[in-house]
Amino acid sequence: MYHIKEDIRAERSALMLYEGLMNVLKDKKLSKVTVSDISKVSTVGRATFYRNFDEIIDILYWRCDTEFARVLRGFTESKPDLSEEDVLLKYVLSFWMKNRNMDLLEILIEYGRTDIIYNSFMNHADIVMKYVKKIGIKMPANEYEYFISVRAGFFVGIICAWMRNGKKDSPEKVAEIISRQHDDIISAKLII
C-alpha cells in the first residue's frame, strides 16, 4: 500500500516516482522493474520510495486513487443534472479517454489489475454520494453503494472494451453506444 503524507514535498516525490516508473515501463515490463530502476530515472532515493510505497504496484495504485479523486471532485463541482441518464459514467469516461494519464489505465489493464481501477473508483465514491444526498436524491441508505458500484463496474468493463477495440471511439460515441444499448434492454429489444 502507499502512505504518502499530505504535504507538497511528499506528493512531489510520489509524482516523480510515478513519472520515473512510467519512463522505465517504456523499456521494461512491469514484472522486471526494480526500485533501483525507478530511483535512477526519477532521481528519488530508495529510502524515499520505501517511505511512501511498500511495493512498485503501489505507485500505480496511488496515482489511480489520485486521479479518481480528481475526476469525481470535478464531476460534483460541475453540478451535474443527475436526472440525465448515466451522466456520471459519461463524465468519468470522458475524463479518462481524453486525459493524458490514459497510459496508467492501459498498464493496469495490461497487467490484469482492473481491481485497482475499480477500487480507486470506489475509494472516492463518498464524493459522489455526498453530492447525491446534497441535491436531495432519496434512496435507501444501503442502495448508495450499489449506485456507485454499478457505475464503477461499468466503467472498468467499458474502458477494457474500448482499449480492445483500438481506442478509436470518442467518449461521446461510447456514451451513445451504451445509452442505445441501455434503451434496447429496457424496451426488450436486446436479450442478455
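The values are calculated or read from the model by the stated rules, or taken from the named source; none is laboratory data. Bear in mind that the values here come from a model prediction, so they are computed numbers and not experimental data. Heads up, the Cβs are rebuilt from the backbone with ideal geometry, glycines too, and the neighbour counts pull from every protein chain shown. Just so you know, the surface numbers come from the protein's heavy atoms only, side chains and all, with ligands and any DNA or RNA stripped out. Shrake-Rupley method; radii C 1.70, N 1.55, O 1.52, S 1.80 Å.
Past 24 Å, Cα to Cα: identify those pairs from LYS90/LYS133; LYS134/LYS173; LYS79/LYS133, in the order given. Write down the numbers at each step before the final one.
Working: LYS90/LYS133 20 Å; LYS134/LYS173 31 Å; LYS79/LYS133 13 Å.
From the list (LYS90/LYS133; LYS134/LYS173; LYS79/LYS133), the Cα-Cα distance tops 24 Å for LYS134/LYS173.
In what order, largest first, do LYS138, LYS79, LYS173 sit by accessible area if the probe radius is 1.4 Å? Mind dumping the intermediate values first?
On the way: LYS138 175, LYS79 145, LYS173 80 Å².
I get LYS138, LYS79, LYS173, largest accessible area first.
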*Over the Cα atoms of the range 1-82, how large are the radius of gyration and the largest Cα-Cα distance (Dmax), in Å?*
14.5, 48
*Starting at the first residue of the range 78-89, write each ³J(HN,Hα) from the Karplus equation 6.51 cos²θ - 1.76 cosθ + 1.60 with θ = phi - 60°, in whole Hz, x for Gly and Pro.*
7, 6, x, 8, 6, 6, 6, 4, 6, 4, 5, 4
*Quantify, in whole percent, the carbon and sulfur part of the accessible surface of the chain (1.4 Å probe; protein heavy atoms only).*
53 percent
*asked:* Rounded to the nearest 10 Å², what accessible area does SER149 have for a 1.4 Å probe in the complete protein model?
replied: 20 Å²
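How big is the Cα convex hull of the range 74-140 in projection, averaged over all directions, in nm²? Intermediate results must be reported in sequence, preceding the final value.
Working: hull surface 21.2 nm².
Average of the hull's projected areas for the range 74-140 equals 5.3 nm².
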_To make sure I understand the rule: partners must be lysines, Cα under 22 Å from the Cα of LYS32, and not fewer than 8 residues away in the same chain. Which ones qualify?_
LYS40
*Label points 7 Å out from Cα along the Cβ direction at SER31 and TYR111: separation in nm?*
1.2 nm
*Loop-located trypsin sites (Lys or Arg not before Pro) in the range 28-92 whose Cβ has at most 16 other Cβ within 10 Å (DSSP)*: LYS28, LYS29
*Under Karplus coefficients 6.51, -1.76 and 1.60, residue-wise ³J(HN,Hα) of the range 92-99 in Hz, glycine/proline x*: 5, 4, 4, 4, 6, 5, 9, 7
_Gaussian network model of the chain, Cα within-10 Å springs - most flexible of ILE135, ILE159, ILE107_ = ILE135
*For every helix of n ≥ 4 consecutive DSSP H residues, a contribution of -39,500 (n - 2.57) applies; sum these over the chain, divide by its total residues, and give [θ] at 222 nm rounded to the nearest 500 deg cm²/dmol.*
-21500 deg cm²/dmol
*asked:* Kirkwood hydrodynamic radius, the range 1-145, all distinct C-alpha pairs: what's the number in Å?
replied: 16.6 Å
*Neighbour cut-off at most 15 other Cβ (10 Å), DSSP loop, GluC sites (Glu not before Pro), the range 4-60*: GLU6, GLU55
*Within the set of other residues whose C-beta is less than 10 Å from the C-beta of ASN119, count the net charge using Lys and Arg as +1 and Asp and Glu as -1.*
-1
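Only four residue types carry charge here, +1 at the Cβ of Lys and Arg and -1 at the Cβ of Asp and Glu. Report the dipole size of the range 58-154 about the Cα centre in Debye, rounded to the nearest 20. Could the numbers behind the result be given before it?
On the way: 13 positive and 15 negative charges, 80 e Å.
About 380 debye.
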_To make sure I understand the rule: partners must be aspartates and glutamates, Cα under 14 Å from the Cα of LYS26, and not fewer than 8 residues away in the same chain. Which ones qualify?_
ASP37, ASP103, GLU106, GLU110
*Among the aspartates and glutamates, select those whose C-alpha is under 12 Å from the C-alpha of LYS98, and discard any that sit fewer than 8 residues away in the same chain.*
ASP169, GLU172
*Seen from all sides and averaged, what is the projected area of the convex hull of the Cα atoms in the range 124-192, in nm²?*
6.2 nm²
*asked:* Starting from the 7 Å offset along Cα-to-Cβ, what nm value, one decimal, do you get for the label separation of ILE177 and PHE147?
replied: 2.8 nm
*Charged-residue dipole, Cβ positions (Lys, Arg, Asp, Glu), the range 1-106 about Cα centre, Debye nearest 20*: 560 debye
*Report the calculated FRET efficiency for LYS134 and GLU84 (r = Cβ-Cβ distance, R0 = 22 Å), to the nearest 0.05.*
0.80
*Taking only the alpha carbons of the range 42-96, what extent do you get along each of the three principal axes, in Å, biggest first?*
49, 17, 16
*Using only Cα atoms, tell me the angle between helix 114-123 and the longest principal axis of the chain; keep it within 0 to 90° and round to the nearest 10.*
70 degrees
